[in-house]
Amino acid sequence: MRSAAPELAGPTCFCRDCLGDLDFAARRCGVCGSPRVVRHLALASLTLAHIDCDAFYATVEKRDNPELADKPVIIGGGKRGVVSAACYICRTFGVRSAMPMFKALALCPSAIVIRPDMAKYVRVGREVRHAMQALTPLVEPLSIDEAFLDLSGTERVHGMIPAKVLARFAREVERNIGITVSVGLSRNKFLAKIASDMDKPRGFAAIDQDEARAMLADKPVGFIFGVGPATQERLSQRGFRTIADLQRADEIELMKQFSTEGRRLWRLARGIDDRSVVPDRGAKTISSETTFETDIRDFATLEKMLWRMSEKVSSRLKTGELAGSTITLKLKTADFRQRTRSQSIHAPTQLAAKIFAISREMLAREIDGTAFRLMGTGVSALRPGSQADDTDMLDRRSAHAERAMDDLRRKFGQAAVIRGIAYDGPEKAE
Ligand SMILES: [Mg+2]
């Protein structure tokens, strides 16, 4: 029986373990005894979800080595690297993702450090993705381990409300894939993403629009996605420090001061977000980057690494049947300053030789004696791979060689072609 809000259709409270309907006031499940109860008056009408794997890389490693289960585990590289993922035990010591490794190890000296096995994480991420796609075609991945799902209109297909479909999904991922996820459920992307973070790990949280204002009020403006340090500074100069400050402001006034960004902020401060779930967009950028063991100033060394990165990016583009027309080089100096340089090309490419040639030109201009601690290259403005253009006269020879190599790899496996194509760039072409 449902004692609360009988005018609302569908359950307002259910058990995450057996999916049985419960009284709104139930503390635990009357059938299976589980305390994992989801409760929200609007539960049956919330359809937009954000699903995020919990400490993904670390959880996968723990799955594959049960001896690690109750130990602090950090996934990251080398002494100079950064933390790619920290398990929840490590997090109790204050360790966070993207933290420099030396700092993480100072906070949690007993941590077991494991080098990332990206190929494995991509495989597991893909399994999770496929399980999501069985729930709805509207799955928009944000990264390897998180995605938005629009489950509106799926109730009849599944024979249950989206909230239960998601609880069942989380249960099945645990059983079948051996990792845990957290679910955020709401009416839009912004609030769903906030919700998935509220109850981690193994979380399930629902937020409705009318709760958003109060929940957001005390958060700093930087809590809103896309509000980086520069925007925060601009907002702060005009007296906007918390989201409550934005909530008090007049929409027209904000638009006068910050143009379209002002309107966006005014709306998001109230939890209004009209962005839809776009399944085909996939990745916006395909990139590869490395934090060096020791700082590097020297062009020849960087150039060699850049070639390997270009090959990696190219191989991901080819696997994803994508091509892109903007190449971006990213550098981080020893004192943590970031330099980002982009160049657009007239036709989309997926070729390592092309990505390398453009990135290399940009790199050459940045060599000024500065020591770098990180470098990356990426391709954006992505389109279907069929639109890639190899016919550029300068490219034709290297394109042909690269395609031939790809064919060999397809036939005989990656190991058959050890070195990739020969570099035929400006240096030797002179
Ligand atoms: Mg995650």
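The values are calculated or read from the model by the stated rules, or taken from the named source; none is laboratory data. Computed from a predicted model, the values in this text were never measured in an experiment. Here Cβ is always computed from backbone atoms with ideal geometry, including for glycine, and neighbour counts include all displayed protein chains. SASA here: full protein model, heavy atoms, side chains in, ligands and nucleic acids out. Shrake-Rupley method; radii C 1.70, N 1.55, O 1.52, S 1.80 Å.
Within 9 Å, Cβ to Cβ, of Lys330, how many net charges do the neighbouring residues add up to if Lys/Arg are +1 and Asp/Glu are -1?
Neighbour charge sum, excluding Lys330 itself: +2.
May I ask for the net charge around Cys90, where only other residues with Cβ less than 10 Å from the Cβ of Cys90 are counted and Lys, Arg are +1 while Asp, Glu are -1?
Taking every Cβ under 10 Å from that of Cys90, the sum is +3.
Please flag any cysteine in the chain that has no other cysteine's Cβ under 4.7 angstrom from its own Cβ.
Within the chain, the cysteines lacking a partner Cβ under 4.7 Å are Cys13, Cys53, Cys87, Cys90, Cys108.
Given axes a ≥ b ≥ c from the Cα gyration tensor, I'd like to know whether region 56-118 is rounded (a/c under 1.5), prolate (a/b larger than b/c) or oblate.
Oblate, because a/c is 1.5 or more while a/b does not exceed b/c.
What are the residues whose amide H is under 5 Å from the amide H of Leu374, where those residues sit 5 or more places off or on another chain and H is modelled from the backbone?
The answer is Phe292, Lys332.
Using a basic spin-label model with each label point 7 Å from the Cα along Cα→Cβ, how many nm lie between Asp295 and Leu41?
Calculated label separation equals 5.8 nm.
Would you mind telling me the share, in percent, of accessible area of region 213-269 contributed by carbon and sulfur at probe 1.4 angstrom?
Whole-percent figure for carbon plus sulfur exposure: 54.
Once the piece of chain linking Glu127 and Asp250 is laid out straight, how much longer is it, given 0.36 nm per residue of separation minus the C-alpha distance between them? All intermediate terms of the calculation are to be shown ahead of the outcome.
Numbers: separation 123, 0.36 × 123 = 44.28 nm, distance 4.60 nm.
Residue separation times 0.36 nm, minus the Cα-Cα distance, leaves 39.7 nm.
With a 1.4 Å probe and all protein chains left in place, how much of the accessible area of region 285-422 comes from carbon and sulfur atoms, in whole percent? Mind dumping the intermediate values first?
Details: 3830 of 7280 Å².
Here carbon and sulfur together make up 53 percent of the probe-accessible area.
Taking the Cα atoms of the chain, report the difference between the largest and smallest coordinate on each principal axis, in whole Å and largest first.
81, 55, 48
Between Leu322 and residues 5 or more places away or on another chain, which pairs have amide H atoms under 5 Å apart, with H built 1.01 Å from N, and which residues are they?
Gly385
Could you list, bin by bin from short to long, the percent of Cα-Cα pairs of region 195-242 in 5 Å steps?
Going from the shortest bin to the longest, the percentages are 5, 18, 21, 20, 16, 12, 6, 2.
If contacts are Cα pairs under 8 angstrom and at least 6 residues apart, what is the relative contact order of the chain in percent?
12 percent
Counting only protein heavy atoms and using a 1.4 Å probe, what share of the accessible area of region 56-118 belongs to carbon plus sulfur, as a whole percent?
Details: 1910 of 3180 Å².
Ligands and nucleic acids excluded, carbon and sulfur give 60 percent.
Tell me, what ³J(HN,Hα) does each residue in region 28-43 have, in order and in whole Hz, if you take phi through Karplus 6.51 cos²θ - 1.76 cosθ + 1.60 with θ = phi - 60° and put x for Gly and Pro?
9, 6, x, 8, 9, x, 5, x, 7, 10, 9, 9, 6, 4, 9, 3
Test of understanding: given the chain, find the longest segment containing no chymotrypsin sites (Phe, Trp or Tyr not before Pro) that are in a DSSP loop and have at most 14 other Cβ atoms within 10 Å.
By the stated rule (loop sites, at most 14 other Cβ atoms within 10 Å), 1-224.
Counting only residues 5 or more places away or on other chains, whose amide H sits under 5 Å from the amide H of Val73 once H atoms are built in the peptide plane?
Cys87, Ile89, Cys90, Ile112
Any idea what the relative contact order of region 179-232 is, in percent, if you count C-alpha pairs under 8 Å spaced at least 6 apart? The partial results should precede the final answer.
Numbers: 70 pairs, mean separation 15.1, N = 54.
This gives 28 percent for region 179-232.
Using a ≥ b ≥ c from the Cα gyration tensor of region 285-422 (square roots of the eigenvalues), is it rounded, prolate or oblate, where a/c under 1.5 gives rounded and otherwise the larger of a/b and b/c decides, a/b for prolate?
Since a/c reaches 1.5 and a/b is larger than b/c, the shape of region 285-422 is classed as prolate.
Run the reach check for Lys312 against aspartates and glutamates, Cα to Cα strictly under 17 Å, same-chain hits fewer than 8 apart removed. What comes back?
Asp117, Glu289, Glu303, Glu321, Glu402, Asp406, Asp407
Remind me, relative contact order of region 213-269 in percent, using alpha carbon pairs under 8 angstrom and six or more residues apart?
With pairs under 8 Å counted, the relative contact order is 37 percent.
I'd like to check one number: the per residue accessible area of the chain, probe 1.4 Å, reported in Å² as a whole number.
Here the per-residue accessible area is 50 Å².
What's the extension gain from Glu361 to Arg213 if we count 0.36 nm per residue and subtract their Cα-Cα distance?
Here the answer is 48.4 nm.
If R₀ is 45 angstrom, what is the calculated FRET efficiency for the pair Arg175 and Arg308, using the beta carbon separation as r and rounding to 0.05?
Efficiency computed from Cβ-Cβ geometry: 0.70.
Counting only other residues whose beta carbon sits under 9 Å from that of Ala371, what net charge do I get with K and R as +1, D and E as -1? Intermediate results must be reported in sequence, preceding the final value.
On the way: positive: Arg297, Arg373; negative: Asp295, Asp335.
Result for the local shell: 0.
Which FRET efficiency value, to the nearest 0.05, do you get for Thr333 and Gln237 by plugging their Cβ-Cβ distance into 1/(1 + (r/R0)^6) with R0 = 25 Å? Walk me through the numbers before you get to the answer.
Numbers: r = 27 Å, r/R0 = 1.08.
Computed FRET efficiency for Thr333 and Gln237 comes out at 0.40.
Return the subset of Lys120/Lys193; Lys193/Lys304; Lys71/Lys330; Lys120/Lys284; Lys62/Lys193 for which the Cα-Cα distance in this structure is over 30 Å, preserving the input order.
Correct reply: Lys193/Lys304; Lys71/Lys330.
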